[in-house]
Protein chains: 2
Amino acid sequence: MTIATHIATFLEKSSWIRKMFEEGARLKAIHGAENVFDFSLGNPYMQPPETFKEKLKAIADSEQIGAHAYMPNPGYPFVRQSVAQYLKKEHNADITENEVLMTCGAAGGLNVILKTILDPGDEVITPAPYFVEYGFYADNHGGTLKTVQTHPDFTLDLDAIEKAITNKTKAVLINSPNNPTGQVYSKESIDRLGEILSRKSRELDRTIYLLSDEPYRKIVFDGTRVPSIFAAYPNSLVVTSYSKDLSIPGERIGFIAINPEAQYKTDLVSGMALANRILGFVNAPALMQRLVAELQSESVDISHYARKRELLCNGLRDCGYDFVKPPGTFYLFPRSPIADDVKFVQALQDELILAVPGSGFGGPGHIRLAFCVDDQTIADAMPGFEKAIRKFK
Amino acid sequence: MTIATHIATFLEKSSWIRKMFEEGARLKAIHGAENVFDFSLGNPYMQPPETFKEKLKAIADSEQIGAHAYMPNPGYPFVRQSVAQYLKKEHNADITENEVLMTCGAAGGLNVILKTILDPGDEVITPAPYFVEYGFYADNHGGTLKTVQTHPDFTLDLDAIEKAITNKTKAVLINSPNNPTGQVYSKESIDRLGEILSRKSRELDRTIYLLSDEPYRKIVFDGTRVPSIFAAYPNSLVVTSYSKDLSIPGERIGFIAINPEAQYKTDLVSGMALANRILGFVNAPALMQRLVAELQSESVDISHYARKRELLCNGLRDCGYDFVKPPGTFYLFPRSPIADDVKFVQALQDELILAVPGSGFGGPGHIRLAFCVDDQTIADAMPGFEKAIRKFK
């Protein structure tokens, strides 16, 4: 064996999903990319907002000395101040630059947090369906991911979470608005989750962290508000990125924010600064830090995603699909008409529609459709969606 | 304990070096930063080349759709092509885009490689003095760093390396031009190292990789050439960044190049693409990828570093310091006049000179001076350097 056994196993395990993506690429090569309806990727099709482009030009034109040099590992103090100021209002908490650490996106941030808190064998609980990369992130740092099914409407099953907590639990990781389901957890459920964690921490005499991965916080519809975890539970951290709300996922910029009320905050902050460095991130990209400092309240025009959601939901409902209308994100997670979601995804491929099986997100019997595509793609795909479901219904 | 035991231990172990940096900050606060001679940081003082600024403006002005979106995890194919084309000449090897993976700097690249190749308990051998972060990088992925002292002039002790290779050795990691010594390993020594690794791989029936960390490759003096490892040994990888030669360390951009002759190349390439993703890098920052694609032959004006090297070496020689004149990098690693290098660094602090003890680089009895500072700092620090050495000589 020339590469690590672990990595070889991962490669083998994920080969089925790779094959599916390869099939998508093959279909595009045969039929032309414009004739394939690709709902498989969470790669925002929208351009970054105009203000992003203006600020980028301004930075490119400035002659500031040392603008691309190293800065403290947690990021430029002025950038962290700007983020803190925004968060103060958003989370109604007394957040300062000392509670903010700039990261290489949310994926980078989650790895930094888990490296900082996980001892070998520690467990991280996450509600399923879930973003499967979480399993890798926990494993990277000697931990194990433990999934707990949500209710059929993808809301939190708090009793199940409480039962899953053991003396190995180090964190509960939630993602709301959720990829792949689009669900947003209510304030009531977050508050109850906080109570459960407080009680279990006392019972087990163990610090349990609540981690909230929130890259879709700004992508919500019909006046939905994403509740803050900070009010619900002291030992909590928010991690997020600007990938989705500014449509810049390739740039790898995000941050971690620590609850100002967290115990042992100093250890956490020092540990995360160290972890950020030794994991090889060193610091979040300098130029993007400068940019986002000035774009705290910005986002792409969410009304476009709202319109696409209507188009897709209305279309699929008319075809007979069953789903929970997502209050946030640009994902829809309809039930597959047959239990075998991989087989149904193949049936969609026959109609030149690319989707991802729910099995790939710990949610078998469903498919994930990313509607960050243009309106025409949604409209043009409808006959195919209808034809595919008719095969089985 | 609220954070991982491992991280807490790291924090405690590195507290002495943090205290030293804090003392430097304290001195700057008292005396004014302009009155403190800071040779402690490898943060290039030079501005990026003019072409960098021009290309950045061009990218900011362009209206290219999707310029900040996700791309394949290993990086844009056109960027990897551009890097490959440059490497083809530089290494005289048949490198294509398929052998290049863009990374978040060399630190990111090294973590990606080690994640891909290390099984638990595997050893990575590195010649000391060395960049201490290597220890963390190996540890991140279940491995152990094993250091082998170089000769007193910091050239490779090949017999010692050969003796250190066991059936746990997975890689030998070299860094030439070297941080902290500035030494460049000769073609002869690299060729012999390749022979040793070939022989030992056969003897132990085990793939052993040669990894070369080369961020200072372009920062060499007096016509020094850094030999390519690719000609010397097939199972070899180069990892580097644009941090030092373009003066953009805050931007986190670099790459991994695999020897086209490496065995199991496909596994390595797939494994590294996966590792890049799951470690949370996902991909190297998009905008910086686009930039460096057009700057392959660029660098800051190295003659400035050559001049500073002369200034520092001549000045210190006149004061009675003993050192190996570095053929590359912007570091000088003089012998401390006393065995206790930490004590000597404190004596330098009394003269408002900041240096790093060699102990921090596995090279006790030395100090590291980073001469990426302006000429005046070097000149003005000389009386202090002289006063400090006189205390002990």
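Every number in this text was worked out from the coordinates using simple rules, so none of it is lab data. This one's a predicted model, so the numbers in the text were calculated from it and none came from an experiment. Note that we place each Cβ from the backbone using ideal geometry, even for glycine, and neighbour counts take in every protein chain shown.
Of all DSSP beta bridges confined to chain B, the antiparallel ones make up roughly 45%. One equal scatterer on each Cα of segment B:188-260, no solvent, Debye formula: the resulting log10 I(q)/I(0) at q = 0.17, 0.19, 0.24, 0.27 Å⁻¹ is -0.71, -0.83, -1.07, -1.19.
What's the whole-number percent of alpha carbon pairs in the protein assembly as shown lying beyond 53 angstrom?
On the way: 36684 of 308505 pairs.
Above the 53 Å cut-off, the protein assembly as shown has 12 percent of its Cα pairs.
In the structure displayed, which of A:Lys115/A:Lys168; A:Lys244/B:Lys57; A:Lys244/A:Lys343; B:Lys115/B:Lys187; B:Lys88/B:Lys115 lie more than 18 Å apart, Cα to Cα? Where the Cα-Cα span goes over 18 Å, the pairs concerned are A:Lys244/B:Lys57; A:Lys244/A:Lys343; B:Lys115/B:Lys187; B:Lys88/B:Lys115. In terms of overall dimensions, chain A has a Cα radius of gyration and Dmax of 21.2, 65 angstrom.
Rounded to the nearest whole angstrom, the semi-axes of the ellipsoid equivalent to segment A:260-393, taken from the Cα gyration tensor as √(5λ), stand at 39, 20, 14, largest first. One decimal place: the segment A:Asp380-A:Asp301 gains 26.1 nm when fully extended, by the rule 0.36 nm per residue minus the C-alpha distance. Kirkwood radius and radius of gyration were both taken over the C-alpha atoms of segment A:131-272, and their ratio Rg/Rh is 0.94.
With q set to 0.14, 0.16 Å⁻¹, the log10 of I(q)/I(0) for segment B:1-149, from the Debye formula over equal scatterers at the Cα positions, is -1.12, -1.21.
What FRET efficiency comes out for B:Ser198 versus B:Thr266 if R0 is 22 angstrom and r is the Cβ-Cβ distance? Round to the nearest 0.05.
Values: r = 21 Å, r/R0 = 0.97.
Rounded to the nearest 0.05, the efficiency is 0.55.
Taking K and R as +1 and D and E as -1, what net charge do the other residues with C-beta under 14 Å from the C-beta of B:Thr266 add up to?
On the way: positive: A:Arg18, B:Lys265; negative: A:Glu12, B:Glu99, B:Glu261, B:Asp267.
Charge balance near B:Thr266 sits at -2.
Here each label is just a point 7 Å from Cα along the line to Cβ, and for A:Asp222 and B:Arg390 those points are 8.2 nm apart.
In terms of its C-alpha gyration tensor, segment B:311-364 comes out oblate, because a/c is 1.5 or above while a/b does not outweigh b/c. Between B:Glu63 and B:Asp191, the modelled label-to-label distance comes to 5.7 nm, taking each label 7 Å out from Cα in the direction of the beta carbon. Here B:Lys387 is the anchor, and the aspartates and glutamates within straight C-alpha reach of less than 18 Å, apart from those fewer than 8 places off in the same chain, are B:Asp38, B:Asp318, B:Asp322, B:Asp340, B:Asp341, B:Asp350, B:Glu351. Direction-averaged projected area, Cα convex hull, segment B:1-53: 6.6 nm², rounded to one decimal. Our compactness index for segment A:66-136, the C-alpha radius of gyration over the empirical 2.2 N^0.38 Å, is 1.37. All C-alpha to C-alpha distances of segment A:111-202, sorted into 5 Å bins beginning at zero, yield P(r) values of 3, 14, 25, 24, 21, 11, 2 percent in whole numbers.
Taking the Cα centre of segment B:1-105 as origin and charging only Cβ (+1 Lys, Arg; -1 Asp, Glu), how large is the dipole, in debye to the nearest 20?
Details: 11 positive and 13 negative charges, 52 e Å.
So the magnitude is around 260 debye.
Spacing of the modelled spin labels on A:Phe78 and B:Gln149, each 7 Å from Cα toward Cβ, amounts to 4.8 nm. Rank A:Ala138, A:Val124, A:Thr207 by how far each Cα sits towards the positive end of the charge dipole of segment A:98-232 (+1 on Lys, Arg Cβ; -1 on Asp, Glu Cβ) and give me just the farthest. Among A:Ala138, A:Val124, A:Thr207, the one farthest towards the positive end of the dipole of segment A:98-232 is A:Thr207. On a per residue basis, the convex hull of the C-alpha atoms belonging to segment B:234-305 measures out at 117 Å³. The string of couplings for segment A:368-380 from the Karplus curve (6.51, -1.76, 1.60, θ = phi - 60°) is 9, 10, 8, 9, 8, 10, 7, 4, 4, 4, 4, 4, 5 Hz, one whole number per residue in order, with x for Gly and Pro.
What is the sum of charges around A:Met46, taking Lys and Arg as +1, Asp and Glu as -1, for the other residues whose C-beta is under 11 Å from the C-beta of A:Met46? Before the final figure, lay out the partial values.
Details: positive: A:Lys244, A:Lys308; negative: A:Asp245, A:Asp301, A:Asp374.
Once positives and negatives cancel, what remains is -1.
Please work out whether segment B:192-333 counts as rounded, prolate or oblate from its C-alpha gyration tensor, where a ≥ b ≥ c are the square roots of the eigenvalues and a/c under 1.5 means rounded, while otherwise a/b larger than b/c means prolate and anything else oblate? Mind showing how you got there, number by number?
Values: a/c = 2.61, a/b = 1.37, b/c = 1.91.
Because a/c hits 1.5 or more and a/b fails to exceed b/c, segment B:192-333 counts as oblate.
Taking a ≥ b ≥ c as the square roots of the eigenvalues of the alpha carbon gyration tensor, segment A:241-282 is oblate, as a/c is not under 1.5 and a/b does not beat b/c. Net charge dipole, segment B:63-170: roughly 160 debye, given to the nearest 20, about the Cα centre with Cβ charges of +1 for Lys and Arg and -1 for Asp and Glu. Residues whose amide H comes within less than 5 Å of that of A:Thr126, counting only those at least five positions distant or on another chain, are A:Lys146, A:Thr147, A:Val148, A:Leu173 (H built at 1.01 Å from N in the peptide plane).
Rounded to the nearest 20 debye, the dipole size of chain B about its Cα centre is 400 debye, using +1 on the Cβ of Lys and Arg and -1 on the Cβ of Asp and Glu.
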